[in-house]
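Chemist: After the structure tokens below, expect a handful of questions from me.
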Ligand SMILES: C[S@@+](CC[C@H](N)C(=O)[O-])C[C@H]1O[C@@H](n2cnc3c(N)ncnc32)[C@H](O)[C@@H]1O
């Protein structure tokens, strides 16, 4: 099979659009490949994560990741005064495994918190909503679904949400578009348009992630009081230079034009631009560190949060999960964690996850 010559309805739709309207931005192309309403890699439900799928995430490593994050959520709930209407909002919940891991754990280990919380999944795709509902059947009374963010007090959580958002490819005042050479997809470079906004031209780096900035605007508008915790892989240097990664069957493919709609496409997150936008919107950077330090902080903070130590792995399987999540050569360094806060005491000590961060609120 020639991987560049797939003749699927999605590929035909992309070709027809380019023929009719000329080259399209990479963001438009990535949006179709991942989120075309019926045929995208995610929106069609084709994506499988984990050993038998295309790639691993923290969540697919095992339940420990959700259990440790549950510890961080309990601490946040305490900081907000153990309120009764605490909401955990998750976006990018995929098949609902993280939600299940958190809810199963707090039901057993933090009953008061369990009674006080509601779990809200923001999920635009019906097929994924159905899968989540199946996975979370036992917790039906705790859950609600929305297709966009709604006002909330509590914590917003995401794991690998931002890296899956469609990006424009901008470099040195030029933008890469997707065009056609006969039937073949090719990149076509063009100078940036005259009407380019200040943020687009100032982010003259490898990628411009407008949906991530829109997402921050929405979070800022809906978070009444509490925290945002975003786990993702990316870069906090001023000189952000990365390229799109294409993943299938635990391999990286060479080109985004291979197996369009059948494979994952992802771009590392430019954390600086996210934090700048957040601060401009009244959110405070309350912590930034790598996953290794974040999870170590939670583990060592658990006593202070009034948890029993049974959260610490006590089986061979859990110990292996912990190694995978923490080890610098595995997921420990590759992933970073950003916390943003709104209407919470700025003088309070950092959250447990950030107590080993070099400068808890500083990026870079
Ligand atoms: C890389 S996967 C991560 C899945 C899961 N969080 C995990 O770690 O295993 C990205 C997920 O984000 C979802 N997603 C992308 N944009 C979204 C949005 N605006 N709202 C909700 N989910 C979104 C995709 O459908 C996909 O399920």
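Chemist: Considering only region 79-100, state which residues are within 12 Å of the ligand (Cβ to nearest atom) and part of a loop (DSSP other than H, G, I, E, B).
Modeler: Matches in region 79-100: 92, 93, 94, 95, 96.
Chemist: For the condition assigned to a helix (DSSP H, G or I) and touching a strand residue (DSSP E or B) at 6+ places or on another chain (Cβ under 9 Å), what is the one hit in 13, 65?
Modeler: Among 13, 65, only 65 is assigned to a helix (DSSP H, G or I) and touching a strand residue (DSSP E or B) at 6+ places or on another chain (Cβ under 9 Å).
Chemist: Could I ask something else about it? For region 165-183, check the following and say yes or no: at least one residue is surrounded by fewer than 12 Cβ atoms within 10 Å (Cβ to Cβ), at pLDDT 95 or above and touching a strand residue (DSSP E or B) at 6+ places or on another chain (Cβ under 7 Å).
Modeler: no
Chemist: Now for a different question. Can you tell me which residue in region 311-349 is surrounded by the most Cβ atoms within 10 Å (Cβ to Cβ), limited to those that are at pLDDT below 95 and more than 23 Å from residue 62 (Cβ to Cβ)?
Modeler: Among them, the one singled out is 349.
Chemist: Output the qualifying pairs, or none if there are none: Cβ atoms under 7 angstrom, residues six or more apart or on different chains, first residue in region 36-58 and touching a residue at least 60 places away in the same chain (Cβ under 8 Å) and under 23 Å from residue 291 (Cα atoms), second residue in a loop (DSSP other than H, G, I, E, B) and within 10 Å of the ligand (Cβ to nearest atom).
Modeler: If the second residue must be in a loop (DSSP other than H, G, I, E, B) and within 10 Å of the ligand (Cβ to nearest atom), the pairs left are 54/47; 56/50; 57/160.
Chemist: Confirm whether residue 118 is within 16 Å of the ligand (Cβ to nearest atom) and either surrounded by 22 or more Cβ atoms within 10 Å (Cβ to Cβ) or under 22 Å from the mean Cα position of the chain (by Cα) (or both).
Modeler: So residue 118 does not fit the description; no.
Chemist: Is there a residue in region 121-137 that is free of Cβ contacts under 8 Å to residues at least 12 places away in the same chain and away from the ligand (no atom under 16 Å from the Cβ)?
Modeler: Yes, region 121-137 has at least one match.
Chemist: Continuing with this model, one more query. Quick one: which residue in 29, 98, 86 is closer than 30 Å to residue 347 by Cβ and either without any contact (Cβ under 8 Å) to a residue 12 or more places away in the chain or surrounded by 20 or more Cβ atoms within 10 Å (Cβ to Cβ) (or both)?
Modeler: Answer to the selection: 86.
The values are calculated or read from the model by the stated rules, or taken from the named source; none is laboratory data. This is a predicted model, so every value here is computed, not measured. Backbone-built Cβ (ideal geometry, glycine too); neighbour counts: all protein chains shown.
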